[in-house]
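As structure tokens, the structure follows; a few thoughts come after it.
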Amino acid sequence: MKLITIDFKSKTNLIEALLKKENIKVIKKKTLIEKLTFKKDNYAQIYFHSGKLEDKDIKKIENSKFTIVNSYFSKNKIIEKFPHFDNKIEVLYPSINMPLYKEKEIKKQLYLDLKINSENKIIFFTAKNFKTSGIKEFIDII
């Protein structure tokens with residue numbers, strides 16, 4: 001098996017699963033001595049990006065073979081600033097591990113817990129950053 005190097009901004013379920021594979025290694029960060037001696041930066045073959053785009057992220061995207069982002073919104077934001085990255089960015093939505101329940105039971109319990117009339121419709125929207133999550137665009141649509 002060929003060794004694949006990865007780098008990531010946030011450790012997700014996917015990253016944890018990948019790290020269990022023998023041929024997947026996280027790129028090592030430079031030590032203080034390496035920084036002081038101006039040793040060349042090492043970049044991963046695959047970079048998993050999430051969150052705000054910073055200067056160090058741009059270098060990681062630029063020098064990786066592929067970059068994985070967690071939404072089309074993030075991909076479009078990056079491509080808006082750097083159109084030449086278009087062919088190397090792919091979207092892979094975050095995964096979750098949770099037990100499966102019957103939908104009707106969950107809804108019934110949720111309405112009881114939140115003391116909401118069961119005839120009301122609820123839309124759940126989760127995000128760490130509402131400015132970049134697309135909630136404004138979603139509300140504009142509805």
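Throughout, read-outs are computed from the coordinates displayed, never taken from laboratory work. Because the structure is predicted, anything quoted here is derived from the model rather than measured. Every residue, glycine as well, gets a Cβ built from its backbone with ideal geometry; the counts of neighbours run over all protein chains shown.
Structure data summary
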| item | result |
| --- | --- |
| In region 61-133, trypsin sites (Lys or Arg not before Pro) in a DSSP loop with at most 10 other beta-carbon atoms within 10 Å | LYS102, LYS115, LYS121, LYS128 |
| Pairwise label distance in nanometres, GLU90 with LYS128, each label 7 Å out on the Cα-Cβ vector | 2.2 nm |
| Cβ-Cβ FRET estimate between ILE139 and GLU16, R0 fixed at 41 Å, reported to 0.05 | 0.75 |
| FRET efficiency estimate (nearest 0.05) - Cβ-Cβ, ASP41 to LYS81, R0 25 angstrom | 0.75 |
| Extension gain from ASN63 to TYR111, taking 0.36 nm per residue of separation minus the Cα-Cα distance | 12.4 nm |
| Stretch gain in nm, segment LYS25-SER118, where the contour uses 0.36 nm per residue and the Cα spacing is subtracted | 28.6 nm |
| Paired Rg and Dmax values of region 3-142, which use every Cα atom, in angstrom | 19.9, 66 |
| Longest site-free stretch - the chain; sites: GluC sites (Glu not before Pro), DSSP loop, at most 12 other Cβ within 10 Å | 55-118 |
